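The values are calculated or read from the model by the stated rules, or taken from the named source; none is laboratory data. All values derive from a computational prediction rather than experimental measurement. All Cβ positions, glycine included, derive from the backbone under ideal geometry; neighbour counts span all protein chains shown.
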Amino acid sequence: MTDLVRILPRRELPDPEADPHLGDEWLVTNGLGGYASGTVSGAITRRYHGLLIAALPNPLGRMMMLNGLSERLRLPDRRVVYTGAEELADVTPENTLPVAEFRLEAGLPVWRYEVAGFVLEKRLLLPYRQNTVHLTYHLLSGPGKLRLGLRPAIHFRAHEAPVSSADPRQYVLTVIDDQFEIASGQDLPTLRLLIRGPSAAFTYDRKETAAIPYRTERSRGYEWRGSLWSPGYFRSDLGEGDRTTLIASTESWGVVRELSPDQAFRAELDRRRLLLSAAPAAAQAGPAAEFALAANQFLITPVGRTGDAARARAVGDEIRTVIAGYHWFTDWGRDTMIGLEGLTLTTGRHMEAGWILRTFAFYVRDGLIPNLFPEGEKEGLYHTADATLWFFHAIHRYVETTGDRTTLNLILPKLREIIDRHIAGTRFGIAMDPGDGLLRQGEHGYALTWMDAKVDDWVVTPRRGKCVEINALWYNALCLMEQWLDEVHDDAHARQVGEIRARVRESFNRRFWFEQGGYLYDIVDAENGGNDDACRPNQVLAISLDHAVLEEARWRPVMDVVTERLLTPVGLRSLAPGHPDYKAKYYGDLRARDAAYHQGTVWAWLIGPYIDAWLKLHPGARAEARRFLVGFVPHLEQACIGSISEVFDAEPPYTPRGCIAQAWSVAEVLRSWVNTG
């Protein structure tokens with residue numbers, strides 16, 4: 001772990017006064033869905049930027065509890081400087097101290113500042129499964145005493161709420177000995193603050209900012225002005241070698257005081273060492289180790305769904321789920337099933353994979369698993385045509401890796417129900433066409449595939465009809481189901497499934513082949529009649545899945561087209577250039593972004609299926625396949641440092657966009673990296 005350090009190179013910008021790290025972001029999570037995140041420079045540019053976003057029981061969900069800290073350094077000559085962009089201070093370029101170095105050590109952020117012979121480092125961590133943050137300042141060297149001033153800035157709100165959302169400003173500060181508490185007068189938790197360091201003290205000095213501009217929110221078309229409140233500031237006098245830690249938490253004082261800052265830091269390092277030691281050797285060093293630590297950010301114990309937790313524990317399980325992406329996604333069924341192998345099986349977290357699969361099996365309704373669990377709610381939403389089919393894929397990979405047939409047999413009745421309901425028809429127009437065995441889907445007002453962008457009533461890519469990847473997944477699920485039914489000697493049901501499986505394969509190869517283009521239609525029997533010949537990456541699943549529905553003679557021409565028209569260094573384009581709907585850039589307000597979301601924008605997760613399909617054409621060429629992943633290594637120094645973004649622009653320089661850290665992006669890159677080692 002000592003060599004798992006990534007030092008962020010300093011950006012060179014044309015404007016010498018511009019902040020080189022304004023666009024660089026960092027993320028630390030707590031295993032509950034809570035997190036801390038911000039820019040390397042210190043500027044708050046998103047509504048989601050904060051030092052403590054606590055994951056709280058429903059209906060609260062994730063709450064912004066500590067937005068930021070104004071960090072002031074007073075030198076022995078009484079000169080004052082501020083670190084980074086400070087929203088609660090009178091900052092000018094002359095008294096602003098830029099970041100001398102930013103690095104990740106074992107995935108944890110470290111800032112280094114240098115001024116007048118002083119060298120100060122700041123570290124941040126969130127103790128595992130606590131809504132607590134530790135910020136530790138360590139004076140490495142310096143000619144005398146350095147006075148550190150820390151002013152907390154707050155605006156209690158749901159983390160996704162607009163920055164301009166109503167704030168009653170009825171904050172109440174309570175001080176008992178060295179314990180500081182801030183309450184809002186609302187039905188919200190209390191923020192507890194504690195400082196540990198030499199000559200530590202607090203000065204009451206209430207302050208409220210004018211409206212702060214949140215630059216990224218403005219560029220994305222959201223409310224972008226909001227103010228923050230502060231009760232005063234902490235201070236501590238540091239000599240060479242001294243440390244001061246500010247702790248902020250929504251936990252009880254007993255929990256806050258249980259671990260000293262040094263104990264909390266060592267415990268978190270030990271936890272990260274154990275995570276890597278459980279992973280295969282190929283994921284214990286280099287970029288793969290960074291991907292593995294990034295994967296850990298998405299596996300959480302949800303605090304809101306108490307019923308799930310009680311039920312799981314009653315049978316000896318624990319509840320786990322997957323945050324689809326930071327900052328704004330919750331747990332999504334599709335993302336979980338696609339990412340399960342990379343997040344859990346590739347990292348040696350097999351037990352947690354079983355917990356996740358058994359939890360989702362409980363939630364099967366009308367033959368569907370949930371599409372997502374909305375923030376702060378207990379019940380899932382089921383508007384998805386593919387998540388349930390990915391469930392079969394995830395179970396298969398889990399059983400192949402672990403040999404846990406007990407879980408398979410426990411879930412098998414649910415899987416029978418799923419197949420039966422898809423044959424007979426279920427919600428949202430999802431049903432097998434009895435004429436050809438293919439699966440159709442679609443209902444007005446819904447986007448049921450992974451290409452699910454929707455703005456108000458506008459469904460950008462409705463894809464109603466028989467979609468290529470839905471039917472590739474349907475065929476794969478039928479093959480797996482037939483095999484599993486054979487194993488439990490359910491011969492009659494296995495024959496029925498086998499007959500449908502054979503019909504699906506024949507129909508697929510007859511109906512989806514687009515002879516003129518040399519690739520597969522994206523949709524047949526489309527909503528308005530005919531077939532959709534848009535060249536999209538969805539067709540890769542007809543080759544990449546364990547049971548490929550596409551006949552082998554057509555694999556190479558399909559992959560040639562995909563490689564030529566869709567492949568980039570950071571994933572596959574969602575639509576080939578030249579199509580009338582193609583968008584080269586994912587940028588602008590919500591409507592502009594969603595118009596481009598699946599209309600050319602590159603998706604990182606698709607590199608996993610692409611490599612799986614490529615290896616079927618080039619068996620044994622695993623080392624050569626690694627070349628498709630090398631573009632993700634420099635990306636570890638972009639956007640969210642040490643993680644992988646959700647999407648990228650469709651053309652060079654492939655600017656990262658969307659969520660700064662996305663579960664299936666990390667999962668599929670990690671899985672593919674290990675598989676090509």
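Among ARG536, ARG464, ARG495, ARG501, which is the only one that is at pLDDT 95 or above and farther than 25 Å from THR384 by Cα?
The match here is ARG495.
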Seminar exercise, completed: Of the conditions (1) at pLDDT 95 or above; (2) not in a loop (DSSP other than H, G, I, E, B), the single one that GLU160 does not satisfy is (2)
Exercise. PRO127 fails exactly one of the following numbered conditions: (1) in a strand (DSSP E or B); (2) crowded, with 17+ Cβ neighbours inside 10 Å. What is the number of that condition?
Worked result: (1)
Seminar exercise, completed: Note: among ALA116, ALA106, just one is among the aliphatic types (A, V, I, L, M), at pLDDT 95 or above and in contact with a helix residue (DSSP H, G or I) (Cβ under 7 Å, 6 or more places away or on another chain), namely ALA106
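Report whether or not ALA604 is aliphatic (A, V, I, L, M) and either modelled with pLDDT of 95 or more or closer than 25 Å to THR29 by Cβ (or both).
The answer is yes for ALA604.
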For this session: Run GLU400 past the list (1) within 24 Å of GLU469 (Cα to Cα); (2) at pLDDT 95 or above; (3) crowded, with 18+ Cβ neighbours inside 10 Å and report the number of the one that doesn't hold.
Result: (3)
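Each row is one residue, and each column tells you yes or no for (1) outside any helix (DSSP H, G or I); (2) assigned by TED's automatic domain parsing to the domain that holds ASP649; (3) not hydrophobic (A, V, I, L, M, F, W, C).
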residue: ALA492; (1), (2), (3): no, no, no
residue: VAL540; (1), (2), (3): no, no, no
residue: ALA548; (1), (2), (3): yes, no, no
residue: ALA553; (1), (2), (3): no, no, no
residue: MET559; (1), (2), (3): no, no, no
residue: TYR582; (1), (2), (3): yes, yes, yes
Problem set entry | Residue list for the stretch 178-189, restricted to those being surrounded by 18 or more Cβ atoms within 10 Å (Cβ to Cβ) and part of a loop (DSSP other than H, G, I, E, B) | SER184, PRO189
For this session: Please tell me if GLY588 is surrounded by fewer than 20 Cβ atoms within 10 Å (Cβ to Cβ) and on the phi > 0 side of the Ramachandran plot.
Result: yes
Problem set entry | helices (runs of 4 or more DSSP H) completely within the stretch 261-341 that count 2 or more residues being among the β-branched types (Val, Ile, Thr), touching a residue at least 12 places away in the same chain (Cβ under 8 Å) and buried (at least 23 other Cβ atoms within 10 Å of the Cβ) | 333-340
Exercise. Does GLY600 fit the bill of being surrounded by fewer than 21 Cβ atoms within 10 Å (Cβ to Cβ), assigned to a loop (DSSP other than H, G, I, E, B) and of a type in the set (Gly, Ala, Ser)?
Worked result: no
Seminar exercise, completed: Per the list (1) within 22 Å of PHE514 (Cα to Cα); (2) part of a helix (DSSP H, G or I), residue check on ALA592 breaks on (1)
Seminar exercise, completed: Picked from the stretch 342-364 (must be part of a helix (DSSP H, G or I) and of a type in the set (A, V, I, L, M)), the residue surrounded by the most Cβ atoms within 10 Å (Cβ to Cβ) is LEU343
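This table checks each residue for (1) touching a Phe, Trp or Tyr at 6+ places or on another chain (Cβ under 8 Å); (2) of a type in the set (A, V, I, L, M).
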{"site": "ILE411", "(1), (2)": "no, yes"}
{"site": "LYS414", "(1), (2)": "no, no"}
{"site": "ASP436", "(1), (2)": "no, no"}
{"site": "VAL459", "(1), (2)": "yes, yes"}
{"site": "VAL468", "(1), (2)": "yes, yes"}
{"site": "ASN476", "(1), (2)": "yes, no"}
{"site": "MET481", "(1), (2)": "yes, yes"}
{"site": "ASP486", "(1), (2)": "no, no"}
Exercise. When the residues of the stretch 603-644 are filtered to those that are small (Gly, Ala, Ser), under 21 Å from GLU290 (Cα atoms) and in contact (Cβ under 8 Å) with a residue 60 or more places away in the chain, which remaining residue is surrounded by the fewest Cβ atoms within 10 Å (Cβ to Cβ)?
Worked result: GLY631
Exercise. For residues in the stretch 130-177 being small (Gly, Ala, Ser) and under 20 Å from ASP205 (Cβ atoms), which is surrounded by the most Cβ atoms within 10 Å (Cβ to Cβ)?
Worked result: ALA153
Exercise. Which residue, of TYR398, TYR446, is hydroxyl-bearing (Ser, Thr, Tyr), touching a His at 6+ places or on another chain (Cβ under 8 Å) and assigned to a loop (DSSP other than H, G, I, E, B)?
Worked result: TYR446
